[in-house]
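Here the structure comes first, spelled out in structure tokens, and everything after it is commentary.
The values are calculated or read from the model by the stated rules, or taken from the named source; none is laboratory data. Predicted model only: the values in this text are computed from it and were never measured. Neighbour counts are summed over all protein chains in view; Cβ atoms, including those assigned to glycine, are modelled from backbone coordinates with ideal geometry.
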Amino acid sequence: MKHYNEKEDSLFLLADETSTKMSIEAERNLPITPRLIILGKNLMTATSWMVSAEGRIIFELDKESTFADALSVFFASFYVLNLEYQEAACTTLELIQRINPEEGTNCTSKVGTSRKTGNVVKRK
């Protein structure tokens, strides 16, 4: 985020580790776009996570969840709610999204079979 001159609060919101869903919604003006709410003193010592969207907390992760789990729920919220990435953090979000492009089912293979000859060919 620092490399792209994007602010951390465009993705993450820090809250006290004793905060509840109701207290965060009452005390903060949550943004419309999704945010990952970190409960703890900082990102490295977080004890649990929540995801907010449209001004409300939409998901609370349990205490056993990891940061990777929280990030997965955060990204899933964009897909499920059919939202575009917010402009203030779109470069970082695009980078994270494309970390493992070879994995998954939507990537085209680098080699294929020719329909005409049946030979293995390299895709362009």
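In the stretch 1-56, which residues are of a type in the set (Val, Ile, Thr), part of a loop (DSSP other than H, G, I, E, B) and surrounded by fewer than 16 Cβ atoms within 10 Å (Cβ to Cβ)?
Thr18, Thr20, Ile32, Thr47
Have a look at Ser65, Ser72 and point out the one that is of a type in the set (S, T, N, Q), within 18 Å of Ser10 (Cα to Cα), exposed (fewer than 15 other Cβ atoms within 10 Å of the Cβ) and at pLDDT 85 or above.
Ser72
Which residues, counting only those in the stretch 57-73, are touching a Leu at 6+ places or on another chain (Cβ under 9 Å), under 21 Å from Glu27 (Cβ atoms) and not in a strand (DSSP E or B)?
Ala70
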